[in-house]
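Reviewing the structure listed below.
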Amino acid sequence: MVREALAKLRLQASRLAGRLTRSAATRETLKKVGQYVPPGLLHAPGLAGRLGLVTGGLVTVAVGLMYLFGVSALRGLAAGEATTRVELAVAAAREGMRQNTEDVLTAAQILAERPPLQRLLSSSIPEALPPYLTRSCESVALHACALVRGEEVIAATTTEVDWSRVLAAQAEQGERFLAVGATEDTAVAGASAAVAEHDGIRIVALRRLDTALAARLSERAGVVINIVDYESFRPGEGPFGVLNSDALSRGETVSGYVDALESYAASMPVATGTGETVALLQAVLPASTIENQLSGSEWRMLVIAIVIAALATGASVLIARYWISAVEQLTDAARRLGAGDLTASFPMVGGKELTILGTTMEEMRRNLVDLTTELRRREAQAQAVLGGIVEGIYAVDAERRIRFLNPQAEKLLKVSAAQATGKFCGDVLKPARDADGRRPCEHSCPIVAARRGGAGHAVEQIWPDADGGERRVVIASAGAVDEDGLQVQVLRDETELEAARRTRDSVLANISHEFRTPLAALLASIELLRDGLGTLDATRQRELVGSLARGTQRLTWLIDNLLESVRIEAGQLGIRHQDVAFEDVVVAARELIEPLIEQRGQRLEVAIDPGTPIVRGDQQRLTQVLVNLLANANKFSPQGSAIRIRARAEAGGLEFVVEDEGPGPIDPNDTGLFDRFRRSGGERDPNESGLGLGLYIVRSIVARHGGSVHLDRNVDARTRAVVWLPLEAPP
C-alpha cells in the first residue's frame, strides 16, 4: 500500500513539473508548490503507527471476512454432506428391503422342497400341517406361512394375517411381492414357491417390515432408519408430515432439515411393481453430529486469521516508519521550494520509488529556475505585441470582471485600464438592450458561449459614453486559459464599415427583388408573342408589344425608384404629395401584373366603392405597394383562382384590400412577416421565392404615407392584405 502511495505521489510531482513549464505566473506556481504538502502533516506524531494500524485494520477486516466466508461455506458443505448422507441411507435401506424379499423367496423355496412337507401333504392327517409350518417358518425367521391351492388356504401358521390380501398381492406381483393391510400396522414382504410333486399347491411365506428390520437397516446404513406402514400413514402429521407428503407426491426421495427434530432427514416411498405404495422409508441424522465435526475446524480457522492479522499489522508499522522518514526529508525540501527558495535541493533517499520521486522534484526545481527567466522574457514580448495590435483586447476572470485592457481597448471604450479593472465587463462596454430590456450579458454573452464550446463570437451595439454615440463592435472570445477562468476577448470596431455594408445590401436587395416582377411580366409577353407568331392578329400583337414597352418603361422607373428608396432609407428624401385616385393606381398596377396573372390562368376582380376618396400621396409608390401585394397573391394562389381588389372609405381615409385563395402564412398576425429579408415559406415553388423584401417595402411606403398594413383571413379562409391610408400624408 505504501509503495502505491509513493508511486501516486511521484506521478503527481511529474504532472506538477509539466504544469509549471506552462504556467504564466511564477509566484503563484511557487505558492502551489508550498501548498502541495500541508505544513506539519508528515511530522504529526504517530503517523507511521496510524498508517500501520490502518493497514493492519484493513488486513484484519479482509481476513475476518474471509474467515466468515470460509465458515459459511464450510457449514454449507456440511449441510450438503448431511443431506447426501441421509439420501444415501434411505437408498441403502431400500436395497436392504429388496434383499430381504429375496431372502423370503429363498426361505419359501427351501420349505417347499423339504420331504416332510411332501409326506404330510400325502398323509390323511391334515391337522399335522399347521404345527409343522409354524416350526419350519420360525426356523428360517419367517413371521407367517400358508399352504395354498388356487385361492384356498389349506393350512396357515396364524389367523392374524388377511390371507385374501396376501394372495391378491401375490397374484398381481408374482413370486416376490409386497403387501399392505395384511397385518395390523405393518406391511409385509412375501414370496411364493410351488411344492414339489404336488401340482397346484404352493407355499406362501411372509416377513414383516417392522422395527426389527428397521434396526438391521439402521446398522447397515449408519443412520437411524424408520419404516412407516402406508395404511397407518396420516398426511401432514408429525415432524415428518411435510417431508413424507412431498416424497409421496413426487414419487422419489425428498430430503431436508427438520426443525422439530433438529436433524437432517430423508423420506422415500416404497412401491410394488404395480405402482402401489406400501411403506415409507425414513432416515434421520442429528444435526449435533455435524456441529461436533465443524467446531474444531472453525477454531483452527479463527486462530489462523488472528495470527495473519497480527503479522500484517506489525509489518505495516515497520515499513511505514522506514518510508515516512524519507518522505519527511522530501517534504522539508518541498516546503522550502514553496517558500521561494529555489536553491533547495531534494535528497535521493528511501529506495527506488523515493529516489525517482526526489529526481522528479529536483527536475521540477530546475524547471522553475528556467521558467522564471523565460516568463520575464515572454512578459516583455507580450506587452510589446499587445501594444501594437490594432484591435482592442481585454481579459476577464471567472466572474467576468475586467483584469486587463490594452491601449486600443481603452481608446475604443473611452476608459482607462485603472478605471476598468475590477468592474463587470458589461458595465464598461454598456451593450444596447433588446426589446425586452435585457442586456446581451444576460442571454447571449460570447464569454459564456466560449466557456461552453471553446470559442464565442457576437456582434453588439455598445455605448462607451453618453457623448460618443452608439458603436458597432465584433467581439471574439476564447476559452479559459487557466484554472482561474481567465479569458481574452478581441474587440473590432465596425461602425463605419457596417453603415457602408447596410447601404450596399439595401440597394442590391431592393434591385434583386423589385426587378423580378416586371422582368417576369416582360418574359411572359415575349413568350406569348413568340408562340403566336404567324397566328396572332395585328391587334393582339400590338397589345403584346405595348406590354413590352410598358414593362421596359417600368424597369427604367424601378431603377430610379430603387435609388430613391435607398435615399429614403437614409432619410434624405421624402414622398411626393399629389392627388391620387385609387382607380389610377389599379390601372397602372394591372398593366404591370396582367401578363403574370394570365399566364397562370388567374383572374383579377376589382370592386371600388363609389365613395372611395382621393388621397394625397405618391402615386408611383402606391402603385408599387399594390404591385407587390398582387405579385404575392399571384405566387401563393392556385392556378385558375381569383384575386380580388376591394377599395372603400374607412375611418376618415382610404382602405383597400388584396384578397387571394392561397394558403397564406402560417400565422397572419405575425408582425415579423413585414421585416426585411423575412419570407413566409408558403410559395408554390421555392425557386420563385424572393428575398423577403416585398412586404417590407409595402410597410415602409405605407408608413411614410402615415397609414397601416396588416394580414388576416376572412370567414372563407382567404388571405387578405389590408392597407389603410389617411387622406393627407404627413409632410
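When 605, 583, 569 are screened for being at negative phi and at pLDDT below 70, only 569 passes. Pairs meeting the criteria (first residue in segment 700-721 and under 14 Å from residue 657 (Cα atoms), second residue outside any strand (DSSP E or B) and among the hydroxyl-bearing types (Ser, Thr, Tyr), beta carbons under 9 Å, at least 6 apart or on different chains) are 710/671; 719/637. All of 176, 149, 234, 220 fail the test of being in the same structural domain as residue 274 (by TED's automatic domain parsing) and modelled with pLDDT of 90 or more, apart from 176.
Report yes if some residue within segment 337-360 is within 30 Å of residue 76 (Cα to Cα), touching a residue at least 12 places away in the same chain (Cβ under 8 Å), assigned to a helix (DSSP H, G or I) and of a type outside the set (A, V, I, L, M); otherwise report no. So far as segment 337-360 goes, no, none of its residues is within 30 Å of residue 76 (Cα to Cα), touching a residue at least 12 places away in the same chain (Cβ under 8 Å), assigned to a helix (DSSP H, G or I) and of a type outside the set (A, V, I, L, M). With respect to the stated conditions, residue 79 is over 30 Å from residue 368 (Cα atoms), assigned by TED's automatic domain parsing to the domain that holds residue 263 and either surrounded by 14 or more Cβ atoms within 10 Å (Cβ to Cβ) or at pLDDT below 75 (or both).
Within segment 388-414, being touching a Ser or Thr at 6+ places or on another chain (Cβ under 7 Å) and crowded, with 19+ Cβ neighbours inside 10 Å holds for one residue alone: 402.
Of the residues making up segment 216-264, those that are within 11 Å of residue 90 (Cα to Cα) and part of a strand (DSSP E or B) are 224, 225, 226, 227, 254, 255. Residue 111 meets the stated requirement of being in contact with a Cys (Cβ under 9 Å, 6 or more places away or on another chain), in the same structural domain as residue 253 (by TED's automatic domain parsing) and in contact (Cβ under 8 Å) with a residue 60 or more places away in the chain. Considered as a group, the residues in segment 415-437 that are part of a loop (DSSP other than H, G, I, E, B) and at pLDDT 80 or above include one that is surrounded by the most Cβ atoms within 10 Å (Cβ to Cβ), and that residue is 415. Checking each residue in segment 245-254 for being surrounded by 15 or more Cβ atoms within 10 Å (Cβ to Cβ) and either touching a residue at least 24 places away in the same chain (Cβ under 8 Å) or within 25 Å of residue 169 (Cα to Cα) (or both) picks out 245, 247, 248, 253.
Yes or no, residue by residue, for (1) farther than 30 Å from residue 168 by Cβ; (2) surrounded by fewer than 13 Cβ atoms within 10 Å (Cβ to Cβ); (3) not aliphatic (A, V, I, L, M):
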position	(1), (2), (3)
256	yes, no, yes
280	no, no, no
298	yes, no, yes
310	yes, no, no
315	yes, no, no
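Counting only residues that are under 47 Å from the mean Cα position of the chain (by Cα) and more than 30 Å from residue 494 (Cα to Cα), segment 363-396 holds 7 of them. Are any residues in segment 131-156 among the basic types (Lys, Arg) and assigned to a strand (DSSP E or B), and if so, which ones? Answer for segment 131-156, where residues must be among the basic types (Lys, Arg) and assigned to a strand (DSSP E or B): just 149. Cβ separations smaller than 6 Å between residues 6+ apart or across chains give no pair from segment 608-626 residues that are free of Cβ contacts under 8 Å to residues at least 24 places away in the same chain and under 10 Å from residue 585 (Cβ atoms) to residues that are part of a loop (DSSP other than H, G, I, E, B) and among the small types (Gly, Ala, Ser). Here residue 129 meets the list (1) surrounded by 17 or more Cβ atoms within 10 Å (Cβ to Cβ); (2) in contact (Cβ under 8 Å) with a residue 60 or more places away in the chain almost entirely, failing just condition (2).
The values are calculated or read from the model by the stated rules, or taken from the named source; none is laboratory data. Computed from a predicted model, the values in this text were never measured in an experiment. Glycine also receives a Cβ, built like all others from the backbone with ideal geometry; neighbour counts cover every protein chain displayed.
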